[in-house]
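The values are calculated or read from the model by the stated rules, or taken from the named source; none is laboratory data. Since we're looking at a predicted model, the values are computed, not measured. Here the Cβ positions follow ideal geometry from the backbone for every residue, glycine too, while neighbour counts run over all protein chains shown. In case anyone asks, the SASA skips ligands and DNA or RNA and just uses the protein heavy atoms, side chains included. Shrake-Rupley method; radii C 1.70, N 1.55, O 1.52, S 1.80 Å.
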Amino acid sequence: MKNGIIILDFGSQYNQLIGRRIREFGVYAEILPFYTPLDEILSHNPKGIILSGGPSSVNAPDANLVEKELYEKGIPVLGICYGMQVTAKLLGGVVSEGIKGEYGKSEFKISKQNKLLEGVPENSTVWMSHFDEVSQLPEGFELIGTSTNSIACMANDDRKIYAVQFHPEVSHTEYGSEIIKHFVFDICNCEKNWELTDFIQAEIKRIKEKVGNKKVILGLSGGVDSSVAAVLIHKAIGNQLTCIFVDTGLLRKNEGDKVMQVYGEHFHMNIKRVNAEERFFFKLKGVDDPERKRKIIGNEFIQVFDEEAHKIENVDFLAQGTIYPDVIESQSVKGPSAVIKSHHNVGGLPDEMKLELLEPLRELFKDEVRKVGVELGIPEELVYRHPFPGPGLGIRVLGAVDEEKVKILQEADDIFIEELYKNDLYDKVSQAFVVLLPVKSVGVMGDERTYEYTAVVRSANTIDFMTATWSKLSYEFLELISNRIINEVKGINRVAYDISSKPPATIEWE
Ligand code: XMP
């Protein structure tokens, strides 16, 4: 790494934000676990080190700390929240239990101007989340800012060590971005040289060198990560890459054809489509327990992929769309994509094939992966799609799954999604879909009574998929959806809208 910042991760939920802010400035940033040995940290040649926030107490008997020598290498350090307390403790200050802690917005007041705070007004709002606090500064440090209840900012300009008790990376801290910017550019003297186009060029070169004239296989799901990885690798090595696309029969309407159209015909990629619907329906027959369904789908997927992979001779590499949040070790920074992948990953692949992994997106955040996708020419509609669970419609047909129910659901879901796009609502909600209940109810159509399934329309708004609210779609729009589904989809005569938040409900129904 040249010209970058290392973030040492003590477990704060905001860590990825620090990385993203810095990369948005055009500077490379990488997150490492706090216990990374100092030698290894230094081997990255960082221009600066940030110690993140974290949930524990530096006064606990086996507190998470860093090697004290970290502060003696002449590399600028910025401690954030817990990172400030680590810094104070290791350099001889005192950290004590606060009287009542500070959570949420707090008033920040500058006590002494400093490079780090240039342009920040004397009073501003910051975001706090701490109980312990620094009660005595280490020698050589000056107090440069306070908050309602605590020492909020300290600096040692000679040693280029800085610390803030608040979270500059969250948007509620009014001048947070400026503070990080000052650290990165004015204190660490980083240059702007992290650009996604550079990344693409560098990565293509790296893939070419690594793969040489060998063969690569990749499981293409149609999702963003595997698709972007596939197109990038294809740009580098062309038809040395074979993508295996398993059509489980549990995908959205016409998904399989669309994948073949975009990646096969448009990008001219070498894709083996495996129509494995029958196998999946056979294995799922009569199974209604959601976790068993997930297991069956996951195992069958691996088996089909494995069989296909074995048909290709002399393969040396297995490519995967692993992205940065999947890689970061701290539990707290594992976002929804990690949850998703742990359900679905092609992870358990053929050990005996001894394939070397090729993961070109390992360093990228999700929004960066999307940008790379757009840059590579993947249609925006695909790049900005809502997440879709690995087991697909297998967990959206509640109870036992069969082909007929999946077909009914596909039609209903397709109408809902089409109308969201048409009404300019798709990008305003985070995840939208239809669920098919294994419940029939009475209806009347024309002169006849019907006895058909009930569909539930679900749309959630969320930032992190850990908590979510139901989308406040208008009555008129819901009426349109309900009319279209009931009139056009044979097998459904009743539509309900899910108005549950997560928690206590979840986004999916199974
Ligand atoms: P829940 O239902 O837990 O969903 O609120 C949170 C996010 O995770 C997705 N999800 C899954 N993704 N396999 C996946 O790949 C699964 O089994 C699975 N279950 C939930 C869900 O779609 C949402 O984005």
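Some notes on this structure:
- Whichever residue in the range 86-141 is touching a Lys or Arg at 6+ places or on another chain (Cβ under 6 Å) and of a type outside the set (A, V, I, L, M) and, among such residues, is farthest from I180 (Cα to Cα): N123
- Some residue of the range 23-37 being at pLDDT below 95, in a helix (DSSP H, G or I) and among the β-branched types (V, I, T): no
- Of the candidates F166, F199, F141, the single residue that is under 32 Å from the mean Cα position of the chain (by Cα) and modelled with pLDDT of 95 or more is F166.
- Sub-6 Å Cβ pairs linking a first residue in the range 87-109 that is closer than 18 Å to V170 by Cα to a second residue that is surrounded by fewer than 19 Cβ atoms within 10 Å (Cβ to Cβ) and modelled with pLDDT under 90, at least 6 apart or interchain, are E102/N149; S106/T148; E107/T148, ordered by first then second residue.
- Y175 satisfies every condition listed in (1) open to solvent by 40 Å² or more (accessible area, probe 1.4 Å); (2) within 21 Å of R385 (Cβ to Cβ); (3) not polar (S, T, N, Q) except (2).
- Pairs with Cβ under 9 Å, 6+ apart, first in the range 376-395 and of a type in the set (G, A, S), second outside any loop (DSSP other than H, G, I, E, B) and near the ligand (Cβ under 8 Å from one of its atoms): G390/R294; G390/I340; G390/K341; G390/H343; G390/H344; G394/R294
- Within the range 374-387, the set of residues being within 16 Å of the ligand (Cβ to nearest atom) and either open to solvent by less than 30 Å² (accessible area, probe 1.4 Å) or within 21 Å of A496 (Cα to Cα) (or both) comprises H386 only.
- Test: residue in the range 53-71 that is in a loop (DSSP other than H, G, I, E, B), modelled with pLDDT under 95 and in contact with a Cys (Cβ under 8 Å, 6 or more places away or on another chain): yes
- The strands (runs of 3 or more DSSP E) found entirely in the range 113-169 include none that carry 1 or more residues being on the phi > 0 side of the Ramachandran plot and open to solvent by less than 10 Å² (accessible area, probe 1.4 Å).
- Verdict on F416 being in contact (Cβ under 8 Å) with a residue 60 or more places away in the chain and under 22 Å from the mean Cα position of the chain (by Cα): no
- For the range 459-503, filtering for residues that are at pLDDT 95 or above, within 16 Å of the ligand (Cβ to nearest atom), in a loop (DSSP other than H, G, I, E, B) and open to solvent by 50 Å² or more (accessible area, probe 1.4 Å) leaves 1.
- Residue pairs whose Cβ atoms lie under 9 Å apart, sitting 6 or more positions apart in sequence or on different chains, and linking a residue in the range 11-29 that is closer than 25 Å to T197 by Cα and surrounded by fewer than 23 Cβ atoms within 10 Å (Cβ to Cβ) to a partner that is hydroxyl-bearing (S, T, Y) and at pLDDT below 90, are L17/S171.
- The range 458-480, residues that are in contact (Cβ under 8 Å) with a residue 40 or more places away in the chain and out of contact with any strand residue (DSSP E or B) (no Cβ under 7 Å at 6 or more places or on another chain): D464, F465, M466, F477, L480
- Residues that are modelled with pLDDT of 90 or more and more than 20 Å from S227 (Cβ to Cβ), drawn from the range 316-336: D316
- If the condition is being in contact with a Lys or Arg (Cβ under 8 Å, 6 or more places away or on another chain), more than 27 Å from I507 (Cα to Cα) and open to solvent by less than 70 Å² (accessible area, probe 1.4 Å), then the range 443-458 contributes only G443.
- None of D424, D414 is in a loop (DSSP other than H, G, I, E, B) and either farther than 30 Å from Y14 by Cβ or of a type in the set (D, E, K, R) (or both) except D424.
Okay, residues lined up against (1) in contact with a helix residue (DSSP H, G or I) (Cβ under 6 Å, 6 or more places away or on another chain); (2) assigned to a loop (DSSP other than H, G, I, E, B):
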residue: Q261; (1), (2): no, no
residue: E265; (1), (2): no, no
residue: H268; (1), (2): no, yes
residue: V274; (1), (2): yes, no
residue: R292; (1), (2): no, no
residue: I296; (1), (2): yes, no
residue: Q303; (1), (2): no, no
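- For the range 260-277, a residue qualifies if it is open to solvent by less than 60 Å² (accessible area, probe 1.4 Å), under 27 Å from K295 (Cβ atoms) and not β-branched (V, I, T), and the qualifying residues are A276, E277.
- Selection count where residues are assigned to a loop (DSSP other than H, G, I, E, B) and surrounded by 17 or more Cβ atoms within 10 Å (Cβ to Cβ), scope the range 238-259: 6
- Any hit, the range 423-435, residues being of a type in the set (K, R) and touching a helix residue (DSSP H, G or I) at 6+ places or on another chain (Cβ under 9 Å): yes
- Consider the range 178-223 and keep the residues that are part of a loop (DSSP other than H, G, I, E, B) and of a type in the set (A, V, I, L, M, F, W, C). The one that is farthest from V246 (Cα to Cα) is C188.
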